[in-house]
1. Using a Förster radius of 30 Å, what is the FRET efficiency between residue A:447 and residue A:494 based on their Cβ-Cβ separation? Nearest 0.05, please.
2. Equivalent-ellipsoid semi-axes (√(5λ), Cα gyration tensor) for the stretch A:455-515, whole Å, largest first?
3. Report, in listed order, any pair from A:359/B:105; A:359/B:200; B:105/B:180; B:105/B:161 with a Cα-Cα distance greater than 24 Å.
4. Whose amide H sits under 5 Å from the amide H of residue B:203, counting only residues 5 or more places off or on another chain, with H placed in the peptide plane?
5. How many nm separate the modelled label positions at residue B:17 and residue A:227, each set 7 Å beyond the Cα in the direction of the Cβ?
6. When the dipole is taken about the Cα centre of chain A, and only Lys, Arg (+1) and Asp, Glu (-1) are charged at their Cβ, what size is it in debye, to the nearest 20?
7. Residues with amide H under 5 Å of residue A:528's amide H, sequence separation 5 or more or different chain, H placed in the peptide plane at 1.01 Å from N; which?
8. Binning every alpha carbon pair distance of the stretch B:148-237 at 10 Å from zero, what are the percents per bin?
Amino acid sequence: MADLPHDTDPQLPPAEVADVMPPHAHSWWSHYVFSQDAKYIAIQYSGTAIAIGLVGLVLSWLMRLQLGFPGIFDFITPDAYYQFITMHGMIMVVYLLTAVFLGGFGNYLIPLMVGARDMVFPFVNMLSFWIYLLAVLVLVASFFAPGGPTGAGWTLYPPQAILSGTPGGAQSGIILMLVSLILFIIGFTMGGLNYVVTVLQARTRGMTMMRLPLTVWGIFTATVMALLAFPALLVAAIMMLFDRLLGTSFFMPALVELGETLSYGGGSPIAFQHLFWFFGHPEVYIVALPAFGIVSDLLAVHARKNVFGYRMMVWAIVGIGALSFIVWAHHMYVSGMHPYFGFFFATTTLIIAVPTAIKVYNWVLTLWKGDIHLTLPMLFALGFIVTFVNGGLTGLFLGNVVVDVPLSDTMFVVAHFHMVMGVAPIMVILGAIYHWYPLMTGRMLNQAMGHFHFWITFIGAYAIFFPMHYVGLVGVPRRYYEIGEPAFMTTPVEGLNAFITVAALTVGAAQMVFLFNLYWSSRHGRVAGSNPWKATTLEWLTPVVPPEHGNWGDDLPLVYRWAYDYSLPGAPEDYIVQTDPGPKTPAAGPL
Amino acid sequence: MVIAIVLVLIVVGSVAFHMLSPWWWTPIASNWGYIDTTLVVTFWITGIVFVMVVLFLAYCVFAFRHREGHKAIFDPENKRLEVWLTVITAIGVAALLVPGLFVWKQFVTVPDNATEVEVVAQQWSWNYRLPGEDGRLGTSAVEHISDENPLGINPFDRFGKDDVIIEGGELYLPKGQPVKMLLRSIDVLHNYYVPEFRAKMDMVPGMVTFYWFTPTRIGEFEVLCAEFCGTAHGFMRGDVYVVSPEDYQEWLTEQDTFADYAAATEPEQDTQIAQNSQP
């Protein structure tokens, strides 16, 4: 690339890494199946994640049918019910959310947003997807194994997870679950190293870290966290597999199961919980931080205004990421660990509320005196703020150790974490798909179907999870096949449960309209052209839309400004793209 | 435009549901009124924040919606505002945390005059053990568990002989007497949860966990298992009665001790041996 004006531009630092074209596909197979192009891998990741996510959705319908109308559906036995909730939880948290945010959006957006031609290790990136697919297939296989999938709850707490009183515990369900998780982690690590190295090493000239869009900051920080957190789950899964198959006792104390003394002895069930939540709590933010980053960009683009307090937003992302490694035991206040841990973990947990609150303020202040276009991505972003604020605030109940005591293990917890790490991040995923679909396909998603989808999803999801808090406040424990009408209920929750079930079925059905829209618009949608939202960031500036292999044609883009020069006073248009060397950003901006 | 109205309706609806809906916690029957108070304070603080943030959001969406010729301001940072918001949030969070930690300190500090009750959980029933006349529970271990010794009490520990055993039955507690619940499991995780007592703790095989409370209201209460323990988790329930101290004493005298158990089961063993040796 001997393009002189580019190479000699004195405003920009010289390139540190040579501009290398990623390997070209030579055959149909390497082009469409074993593709090494991050954009293609992103779509493979997302497609697989959405497919398995649909299974998770159907499982949620089945469990809600049991809770809303107990005794009516004979095929939902207690065993089946526990298998539904377990697989629903694991699929949604790991195989859908983690995979879509990092494998999907990470792969698609990181190279484009930092101005790289591809991920730095394209072959390893391809392997990452195929191992993920294998993990999903092993997970699906457990549905067809003798005894069915594990019903141990998504937390897989031993000893019950590997004993015969739990569905799949004495058969192959739990084994396949653990093997699938191990595969997932191996696959993720391959992708994750790619994302981190690409952000650190393959940024184009002029793209300093503090000029990165917050989307990249969110995904980057989440990936670093995942690389540190998943190993804890990996060792826990391996140790439990040993306990189950080889008769070791890492997590198994001496115990008598249904009258029979087992040969285990000396292990600690609580050790598993520490390992699990050392992964599990960062996992919440592994899902949340990409959502934080993406929603910041959606708000900025569609309100035509810079993200308020960009530097504070970056530090909040990094701070939340770091703090999230010292709060894990707030999931274990009533686990039987030493009660004095409660003081420490309640304090760290409530401290993390401060940077989180700052992010919320800054999102709202981004809208203040903006020019708000109520597009579908903006509507979903607003839906995110409402559900995230709601779910974040109920976190202050559960994080405050003594308030957690009556609420923990009740439906209040279920409502809380669905609102904060289910509904809120999915609002962002949906908004992001409406936002970037034109880039991926060259066409806009259908508006009418989109509005129908938004309103049902947003209002419906709120109608599911807001009342569910009160089911828990009444005292209904989670993971109950049937609560009945025990005397402690001053008002039975039957009617409320039926209402929630109807809302859940409706919201699920609305997602089918969305899937149809994805298909329909790819053929009949309005042609988008390049940069339909008038955004500033690099991914919209490729010479061809959708971007082709290598992303940038002959020359890499050069970056002269931060990602948020919207509505600059005196500028002819209300946005200035990052590659525009034109008017300098006013001094207040961090550049 | 519609979204601004819907946001307002969400706030109004949420507050109305909270205030007017009949679903609320069950009346308390223990000394942990402080926990209820902390919870109510948390509802107030978080509720106010929720209302303010969402209403402000609704206002922004309404006031700054796109119209022809309308342009956003350029406003990258505002250090003063950011510092103020941080400080106010930190104060709000501290206001929640500090009282919470004080109550937690009480929750984990068992008073000296608390009597001990051991709960032994198994898939899927509740058993109890009370100290006998010596006021001490004997040691126990899973290795000692047998048909005659379902709770695994150490047969060589003299403190265990007079322990009162309630196998799969109901527990009675005297009103007004602080009680330390010693929680034990012989198979998987369980959790001894009585909604009216507000307390909860997992039972972990291989260790003894605890919590304490003082029953304050006479009545019959339902015990629920609150930690997933396998297929019949949702059916693992039991009853606990809070009664007057006199009624409690009367009930206590009717219960079997470990020694009674051994005595009651021994003849059976003898006849078995006798039968076996007949031919």
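1. 0.15
2. Working from the Cα gyration tensor, I get semi-axes of 26, 11, 9 Å.
3. A:359/B:105; A:359/B:200; B:105/B:161
4. Those lying under 5 Å, H to H, from residue B:203 are B:190, B:191, B:192.
5. It works out to 4.2 nm between the two label points.
6. Once rounded to the nearest 20, the dipole reads 680 debye.
7. Residues meeting the criterion, in which the H sits 1.01 Å from N, are A:443, A:444.
8. All Cα pairs, binned at 10 Å, distribute as 14, 43, 35, 8 percent.
No lab work stands behind these numbers, since they all come straight from the coordinates. As the structure is a computational prediction, the values presented were derived from the model and not from experiment. Using ideal geometry, Cβ is built from the backbone for each residue, glycine included, and neighbour counts are taken over all protein chains shown.
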